[in-house]
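So the structure is just underneath, and the comments pick up after that.
The values are calculated or read from the model by the stated rules, or taken from the named source; none is laboratory data. Values in this document were obtained by computation on a predicted structure and should not be read as measured data. Note: ideal-geometry Cβ built from the backbone for every residue, glycine included; neighbour counts use all protein chains shown. Just the protein is used for accessible areas: all its heavy atoms, side chains included, with ligands, DNA and RNA removed. Shrake-Rupley method; radii C 1.70, N 1.55, O 1.52, S 1.80 Å.
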Amino acid sequence: MNEPVPPMMQLQIRSDGVGVILIDVPGESQNTLKAEFRTTFDTIRAEIESKDLPAVVIASAKEGSFIAGADIKLLETLKSADEGERRSREGQEAFDTLEAWKRPVVAAIHGACLGGGLELALACHARVASDDPKTKLGLPEVQLGLLPGAGGTQRLPALIGLEKALDLLLTGKQVNAKRARSMGLVDEVVPAAILIDVAAKRALDLIDVKQKRHGLVERIAEFAEPKALRELALSGNPAGRKIVFDQAEKTLREKAGEHYPAPYRILEVVRVGLEKGRAAGLALEAKRFGELIDTDVSRRLIGIFFATTAMKKENGTDHPEIEPRKVQKIAVLGAGIMGHGIALVTAEKADIDVRLRDVREEAVARGLAELRRPLDQKVEKKRLSARERDRILARISGTTDYSGFAGADVVIEAVFEDLALKHRVVKEVEAVTKDTTILASNTSSIPITRIAEASSRPDRLIGMHYFSPVHKMPLLEVIRTKDTSDETVATCVDLGRRQGKTVIVVNDGVGFYTSRILGPYMNEASWMLADGIPIEDIDEAARQFGFPVGPITLLDEVGVDTAEKVSHIIHAAFGDRVAPPPGLEKLVADGRTGRKGKKGFYTYGTKKKLVDPEVYRVLGIEPKGRGKVPLAELGERLGLQMVSEAIRCLAEGVLRSPRDGDIGAIFGLGFPPFLGGPFRYADGLGPSELLRRMERCADQHGRRFSPPELLRERAKSGQRFYD
Ligand code: NAI
């Protein structure tokens with residue numbers, strides 16, 4: 001016999017008579033909105049009616065999760081725009097019923113209150129939140145290429161005003177309870193221990209206020225109507241509203257371009273609601289929700305969400321039973337750009353003690369001062385208390401010797417990129433640490449196997465490749481050699497996650513995965529330049545393809561000298577297919593290192609960043625006029641280079657799966673998320689079409705477009721990269 005399934009919600013009746021509905025999705029750590037919610041809720045509502053309970057609180061039985069959103073698996077089952085619209089309508093009706101309930105309902109929010117969870121809270125008559133750091137409110141649908149489809153686009157502007165609502169709706173950002181209180185999203189913030197008591201009291205007060213004034217029914221009906229006054233202020237001022245909408249649309253076009261339809265639909269739906277009323281707004285909300293769910297963009301964004309969620313549950317090895325060792329203390333070598341960044345995320349996000357070593361006092365002092373800066377900025381913006389900042393800083397101590405290294409579970413080296421120096425520090429570190437201490441290298445280009453040559457315990461040697469600036473860039477690429485143990489991998493994956501990173505694990509090889517696929521992409525940009533394509537066209541083509549910045553801008557950011565060095569490493573490893581055009585060395589000789597030297601492809605220190613025409617003279621190039629080669633063609637050439645190199649990485653076993661390749665390219669290099677990553681992009685075109693495009697480019701531009709063998713095989717068999 002089957003065990004009876006525990007219910008999604010339970011009703012508890014307090015001594016003051018308030019009914020508390022506790023949401024508790026069985027078998028899951030987070031509450032998400034499920035299809036069965038409606039019927040369970042109707043049953044409990046009937047019970048509350050029959051017992052004539054005066055007021056209701058909706059809360060969660062789970063620690064740290066109110067409702068984290070709709071169950072995304074549910075979204076995946078929606079097969080057409082019509083089905084999406086219908087599902088949205090059902091959600092809207094459920095929350096309309098809740099809002100119209102003739103009993104005061106107060107949401108007691110502790111933990112994640114996101115998406116459909118916040119839409120539910122918005123339909124309640126008041127909201128009380130706990131001051132716990134886990135409490136976060138937001139409507140992240142836009143990040144999945146969707147819009148809130150259960151009334152959120154209508155209730156949010158009515159509650160907090162147009163500008164603040166658009167900010168939340170268009171960015172999907174999450175706010176803490178204090179912020180939510182100041183923007184009017186919640187009515188009160190209290191410690192978690194008294195959350196339900198306060199919510200219950202507020203619910204009872206709503207009846208009291210009411211009965212003293214007009215009687216319960218009208219009072220609640222008043223809540224059910226859009227907040228009349230605020231609504232009037234908004235809709236009564238079409239000129240002001242137009243300014244807000246125009247500005248929002250302008251920012252969208254600048255920032256997101258045309259690749260993501262959802263934010264534009266959100267603007268439209270909010271506007272219609274304000275101009276034509278709630279009913280028209282809701283009807284359009286459902287229609288547009290349905291249309292968006294049926295787009296490739298939202299399918300790919302949802303795919304990325306699933307991939308990152310699944311990755312969080314894995315240990316990065318083929319042996320799921322292997323447990324990571326709990327890291328309690330780490331040491332970092334080198335207090336430069338990378339070293340101090342790694343120290344910061346370790347202390348701030350992972351709450352782990354850090355010993356930071358550099359060779360000179362000044363370097364240690366500079367590193368400590370630099371890592372303090374982002375924390376000070378957070379304090380200034382009131383996102384962190386001064387006490388919290390001091391607590392984080394107290395976790396990091398500096399040194400010029402190896403004192404304090406003996407207790408480190410992991411040592412991460414971020415000294416200069418020089419193999420002999422790396423060998424020296426491997427030996428020094430191994431001499432002063434425990435046998436079990438893991439040594440991770442943050443090298444950007446030296447194969448980990450080469451570094452491990454100096455190691456007496458290669459099973460505990462690994463690559464942890466962070467990206468700059470470390471506190472902002474989301475990816476960590478963990479690189480294992482054939483000697484690295486599974487426990488070492490699992491421990492470093494766990495550490496990276498605690499540092500707030502999305503982690504992929506790859507096998508060692510020149511350039512690992514991310515630098516390897518960046519190489520041919522940057523190389524292609526250099527070839528375009530050598531062909532006289534204007535710098536502005538190259539960068540604009542990449543942006544139109546969907547990259548956040550163009551490759552020439554990136555060369556300036558990374559450093560032209562660094563990029564030049566890497567191009568030779570990649571060339572030496574992979575042969576003529578990735579031969580760089582002659583030229584970059586002339587720029588280096590001319591002192592053009594990029595932004596860090598304030599002299600590169602672009603001008604620095606001028607009001608507007610412009611291409612420095614001197615570059616063409618130094619390179620001996622006569623640039624063509626702008627637009628001579630269509631930008632779409634240039635963008636595709638850049639994209640194809642990255643995609644085909646990713647396919648080679650999969651074929652050679654550098655990558656463990658297409659999924660890791662997609663996540664690495666998106667989170668590490670800004671590969672356009674709406675395309676889903678190199679492998680989803682390849683699957684979107686289909687292997688034969690991708691092969692055809694590569695062959696066409698090879699005819700025009702030669703062997704650097706010669707298609708990978710694996711792609712030829714796939715084109716023949718028709719098999720895609722994802723099942
Ligand atoms: P950096 O030049 O800013 O810092 C290196 C620091 O190491 C300097 O402060 C130097 O004094 C210190 N150092 C030298 N020898 C040392 C020793 N024996 N013990 C302790 N400290 C020592 O360099 P950055 O940019 O931080 O790079 C460090 C490593 O990270 C390099 O291997 C680099 O390839 C890699 N990397 C750099 C990225 C970037 O964007 N800058 C990105 C990813 C990796």
Open item on the list: Please give me, ordered by residue number, the trypsin sites (Lys or Arg not before Pro) of the range 592-666 that lie in loop per DSSP and have at most 15 other Cβ atoms within 10 Å.
Closed with: K598, K607, K608, K609, K624, R626, K628
Task: Share of carbon and sulfur in the accessible heavy-atom surface of the range 515-717 [1.4 Å probe, %] - done: 54 percent
Task: Förster radius 41 Å - calculated FRET efficiency between D296 and E388 (Cβ-Cβ, nearest 0.05) - done: 0.45
TODO: With all protein chains present, calculate the accessible area of D418 using a 1.4 Å probe and round the result to the nearest 10 Å².
DONE: 70 Å²
- [ ] Could you sort 665-677, 71-83, 29-41, 524-536 so that the peptide with the highest average Cβ count within 10 Å comes first and the rest follow in order?
- [x] 665-677, 524-536, 29-41, 71-83
- [ ] Multiply the residue gap between L710 and D590 by 0.36 nm, knock off their C-alpha separation, and tell me the result in nm, one decimal place.
- [x] 39.0 nm
- [ ] Please report, to two decimal places, log10 I(q)/I(0) for the chain at q = 0.08 Å⁻¹ as given by the Debye formula with identical point scatterers on the Cα atoms and no solvent.
- [x] -0.74
Task: For the range 48-102 versus the range 284-300, the gap between their alpha-carbon centres in whole angstrom - done: 19 Å
TODO: Please report how many Lys pairs in the range 251-391 have alpha carbons closer than 24 angstrom, counting only residues at least 8 apart along the chain or sitting on separate chains.
DONE: 14
Task: the range 9-294 - charge dipole about Cα centre, Lys and Arg +1 at Cβ, Asp and Glu -1, debye rounded to 20 - done: 660 debye
Open item on the list: So if I place +1 on the C-beta of Lys and Arg and -1 on the C-beta of Asp and Glu, and nothing else carries charge, what would the dipole magnitude of the chain be about its Cα centre? I want it in debye, nearest 20.
Closed with: 1500 debye
- [ ] Among V426, P320, L122, pick out the residue whose Cα is farthest towards the positive end of the charge dipole of the chain, where Lys and Arg carry +1 and Asp and Glu carry -1 on C-beta, about the Cα centre.
- [x] L122
Task: Virtual spin-label span in nm between A530 and D699, 7 Å along Cα→Cβ - done: 2.3 nm
Task: Relative contact order for the chain, counting Cα pairs under 8 Å that sit 6 or more residues apart, in percent - done: 9 percent
Task: Distance between modelled label sites at D131 and E321, nm, 7 Å Cα→Cβ extension - done: 4.8 nm
TODO: Keeping to pairs on different chains or 8 or more places apart, tell me how many lysine pairs in the range 51-201 have Cα atoms under 20 Å apart.
DONE: 12
- [ ] Between T39 and E63, take the C-beta separation as r, use R0 = 25 Å, and let me know the FRET efficiency to the nearest 0.05.
- [x] 0.45
TODO: Would you please give the FRET efficiency between D246 and K276, computed as 1/(1 + (r/R0)^6) with r the Cβ-Cβ distance and R0 = 22 Å, to the nearest 0.05?
DONE: 0.70
Open item on the list: If amide hydrogens are placed 1.01 Å from N in the peptide plane, which non-local residues have theirs closer than 5 Å to the one on G398?
Closed with: L356
Open item on the list: Starting from the 7 Å offset along Cα-to-Cβ, what nm value, one decimal, do you get for the label separation of E614 and A420?
Closed with: 3.4 nm
TODO: Would you work out what percent of the accessible area of the range 1-103, with all protein chains in place, is carbon or sulfur (probe 1.4 Å)?
DONE: 51 percent
Task: Whole-angstrom gap from the range 140-207 to the range 333-363, using each part's C-alpha centre - done: 37 Å
Task: Heavy-atom surface of the chain, accessible at 1.4 Å and reported per residue (Å²) - done: 43 Å²
TODO: Go through V20, V198, A280 and say which Cα lies farthest out towards the positive end of the charge dipole of the range 9-294; charges sit on Cβ, +1 for Lys and Arg, -1 for Asp and Glu.
DONE: V198
